[in-house]
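Trainee: Dropping a structure here in structure tokens format, bear with me for questions.
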Amino acid sequence: MRYISTRGSKEVQAKEAIYRGIAEDGGLYTPVSIPSLDTEEIKNIDSYANLAKYIFELYLTDFTKEEIADCIDRAYSRGRFDTKDIVGIKKLSPGLFALELWHGPTYAFKDVALQVLPHLLLKSMPSFYKQALILVATSGDTGKAALEGFKDVERTKIVVFYPSEGVSDVQKRQMTTQEGRNTFVAGIKGNFDDAQSGVKEIFTSKKCIDTIENLGFFFTSANSINFGRLLPQIVYYIWSYLVLLKAGDISEGEKINFVVPTGNFGNILAGFIAKLMGIPINKLIVASNINSVVADFVRTGLYDRRRKFYKTISPSMDILVASNLERLLYLVTRDSERVKKYMLDLKTEGYFKVEEEVLKDIQESFWGDFSTDDQTRNSIKTIYREYGYLVDPHSAVGFDVYTKYQKQTSDNTKTVVLQTANPYKFAKDVLNALFDGEYNNIDPFEALEILYAKTGVEVPEGIKSLLSKPILHPDVIEKDKMFDFILEKIRDN
Ligand SMILES: *Cc1c(COP(=O)(O)O)cnc(C)c1O
């Protein structure tokens with residue numbers, strides 16, 4: 001299998017696509033063709049890890065079988081997930097299922113991919129590089145999941161920058177207590193955009209690149225533009241279909257919907273690829289928060305980022321430029337010149353509009369709507385009342401948008417709602433949603449205990465233990481000192 005940039009530059013093999021992360025022309029590596037699944041054959045696969053191996057072999061044709069097995073085993077067979085089959089599927093009613101993607105070490109869905117990516121990267125890196133240096137700017141979940149994924153992985157070092165006052169208390173604790181010889185974390189005095197643009201500047205500065213190359217490093221990124229992050233996410237869509245089929249909840253070939261809380265469009269794009277591979281999917285439902293740029297696009301064909309940016313209670317979806325949308329545009333048009341034009345319009349004008357027939361193709365597979373913070377809180381409460389099921393704010397956006405979908409379409413297709421974070425990651429917001437703001441003034445760590453006392457839902461061990469862990473990364477630095485921090489850390493260690 002070869003990979004082509006969405007903006008048309010030369011094709012590469014999987015390993016090169018993975019270690020480069022992004023193509024030289026700024027485009028995203030995408031498979032030149034999507035392999036079809038033999039649905040008879042996959043029915044006999046008995047574990048999540050084995051399904052992952054099977055799917056990876058279709059895409060990573062320049063890896064050996066042993067290399068793939070090693071990556072999967074390291075990620076999925078060493079007790080890092082608290083459930084044997086990596087993800088959980090809960091039946092809430094005969095037609096409604098919750099796909100729990102938060103059973104990994106950091107309790108966010110990003111673990112499913114970020115536990116695998118470091119091993120894929122290690123096997124893809126050319127040997128003339130001593131080490132990969134992974135730089136991450138994070139607004140919360142990605143940073144921690146990347147740190148856990150790369151922790152103590154040989155030939156890698158990871159540096160994470162977060163806005164010192166811009167992440168939740170649980171998220172900050174998760175990062176400042178991070179263990180591992182090769183992990184480095186600093187808060188910066190600034191917001192997420194400052195962290196992000198600082199990292200981008202370092203990535204593209206000739207001086208920075210030369211400096212670290214002289215020390216034997218090369219820069220790479222762990223964010224969802226890397227195909228190595230997309231691939232592991234395809235697996236759980238296929239797994240869900242197989243689990244429902246085996247349980248008799250659907251019949252052979254029966255179509256299902258997936259509702260996906262969406263930010264950067266990485267997760268839902270993996271679902272689209274599963275559909276192209278032959279999994280019977282009716283609609284992929286984009287669930288946005290009030291930063292509804294993607295849901296609006298799916299409804300109108302106009303992608304318009306010229307709008308106000310809102311901070312919400314589902315912060316991992318506070319995004320105005322959804323980078324993986326570029327892959328969707330390429331997959332539906334297979335026309336890199338057109339994709340280039342859309343992206344140029346977005347950069348220079350702040351918007352682009354797709355043609356009527358492109359929109360029609362997208363709407364064949366996608367539907368979208370959004371949820372305000374008040375509607376999200378309501379949704380947390382309703383889902384708990386109706387099903388006794390506790391959901392985090394991101395996943396609650398999913399349930400709320402699904403209700404809107406049903407009202408507007410009367411579609412009764414069986415539906416799986418993706419659960420992207422454990423509710424205890426956002427315990428204070430969840431607690432206040434359930435009790436109408438009664439606990440607005442409490443300490444965020446106290447919220448864990450109260451939420452447990454009120455619901456009986458267990459607090460995950462890794463969150464409970466955060467308060468007793470030593471702070472290993474106390475640094476808070478000026479935003480123009482990021483590269484100095486990196487140099488200091490990679491020189492000393
Ligand atoms: C990252 C994240 C999302 C958004 O996923 P995308 O792949 O960026 O669309 C949703 N929910 C949570 C909890 C996340 O961490």
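Trainee: Need a quick list: strands (runs of 3 or more DSSP E) entirely within the range 82-182 having at least 2 residues that are among the charged types (D, E, K, R).
Mentor: Hits in the range 82-182: 88-93.
Trainee: Now, a different point. Anything in the range 99-127 that is surrounded by fewer than 24 Cβ atoms within 10 Å (Cβ to Cβ) and more than 16 Å from the ligand (Cβ to nearest atom)? List them, or say none.
Mentor: Across the range 99-127, the qualifying residues are His119, Leu122, Lys123, Ser124, Met125, Pro126, Ser127.
Trainee: Taking the condition of being open to solvent by 10 Å² or more (accessible area, probe 1.4 Å), small (Gly, Ala, Ser) and within 16 Å of the ligand (Cβ to nearest atom), how many residues in the range 210-231 meet it?
Mentor: Looking only at that region, the number is 2.
Trainee: Please find, within the range 75-98, the residue that is nearest to the ligand (Cβ to nearest atom) out of those that are open to solvent by less than 10 Å² (accessible area, probe 1.4 Å) and in contact with a Lys or Arg (Cβ under 8 Å, 6 or more places away or on another chain).
Mentor: Ala98
Trainee: Additional query: Among Asp345, Asp361, Asp373, which is farther than 18 Å from Val321 by Cα, surrounded by 13 or more Cβ atoms within 10 Å (Cβ to Cβ) and out of contact with any helix residue (DSSP H, G or I) (no Cβ under 6 Å at 6 or more places or on another chain)?
Mentor: Exactly one residue qualifies, and that residue is Asp373.
Trainee: Something else: Scan the range 239-264 residue by residue and report those that are within 16 Å of the ligand (Cβ to nearest atom) and surrounded by fewer than 23 Cβ atoms within 10 Å (Cβ to Cβ).
Mentor: Asn264
Trainee: Still on this structure, please answer the following. Do we find a residue being closer than 30 Å to Thr39 by Cα and open to solvent by 20 Å² or more (accessible area, probe 1.4 Å) anywhere in the range 296-305?
Mentor: no
Trainee: Being free of Cβ contacts under 8 Å to residues at least 24 places away in the same chain, surrounded by fewer than 21 Cβ atoms within 10 Å (Cβ to Cβ) and either farther than 30 Å from Phe483 by Cα or more than 16 Å from the ligand (Cβ to nearest atom) (or both): is that true of Lys65 here?
Mentor: Considered against the rule, which asks whether it is free of Cβ contacts under 8 Å to residues at least 24 places away in the same chain, surrounded by fewer than 21 Cβ atoms within 10 Å (Cβ to Cβ) and either farther than 30 Å from Phe483 by Cα or more than 16 Å from the ligand (Cβ to nearest atom) (or both), Lys65 comes out as yes.
Trainee: Looking at (1) farther than 24 Å from Gln178 by Cβ; (2) modelled with pLDDT under 95; (3) in a loop (DSSP other than H, G, I, E, B), which is the one condition that is false for Gly79?
Mentor: (1)
Trainee: For residues in the range 128-180 being among the polar types (S, T, N, Q) and within 14 Å of the ligand (Cβ to nearest atom), which is surrounded by the fewest Cβ atoms within 10 Å (Cβ to Cβ)?
Mentor: Taking the candidates together, the pick is Ser168.
Trainee: Take the range 314-342 and flag every residue that is under 30 Å from Phe426 (Cα atoms) and either open to solvent by 20 Å² or more (accessible area, probe 1.4 Å) or away from the ligand (no atom under 16 Å from the Cβ) (or both).
Mentor: Pro315, Ser316, Asp318, Ile319, Leu320, Val321, Ser323
Trainee: Just need a number here: residues in the range 405-443 that are farther than 16 Å from Met317 by Cβ, part of a helix (DSSP H, G or I) and open to solvent by 30 Å² or more (accessible area, probe 1.4 Å).
Mentor: Residues flagged as farther than 16 Å from Met317 by Cβ, part of a helix (DSSP H, G or I) and open to solvent by 30 Å² or more (accessible area, probe 1.4 Å) within the range 405-443 amount to 5.
Conditions (1) of a type in the set (D, E, K, R); (2) under 27 Å from the mean Cα position of the chain (by Cα), marked per residue:
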position: Lys428; (1), (2): yes, yes
position: Tyr439; (1), (2): no, no
position: Leu451; (1), (2): no, yes
position: Lys454; (1), (2): yes, no
position: Val457; (1), (2): no, yes
position: Pro460; (1), (2): no, yes
position: Ser465; (1), (2): no, yes
position: Asp484; (1), (2): yes, no
position: Arg491; (1), (2): yes, no
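The values are calculated or read from the model by the stated rules, or taken from the named source; none is laboratory data. From a predicted model like this one, the values you see are computed outputs, not experimental measurements. Using ideal geometry, Cβ is built from the backbone for each residue, glycine included, and neighbour counts are taken over all protein chains shown. Quick note on the areas: whole protein, heavy atoms, side chains included, nothing else; ligands and nucleic acids left out. Shrake-Rupley method; radii C 1.70, N 1.55, O 1.52, S 1.80 Å.
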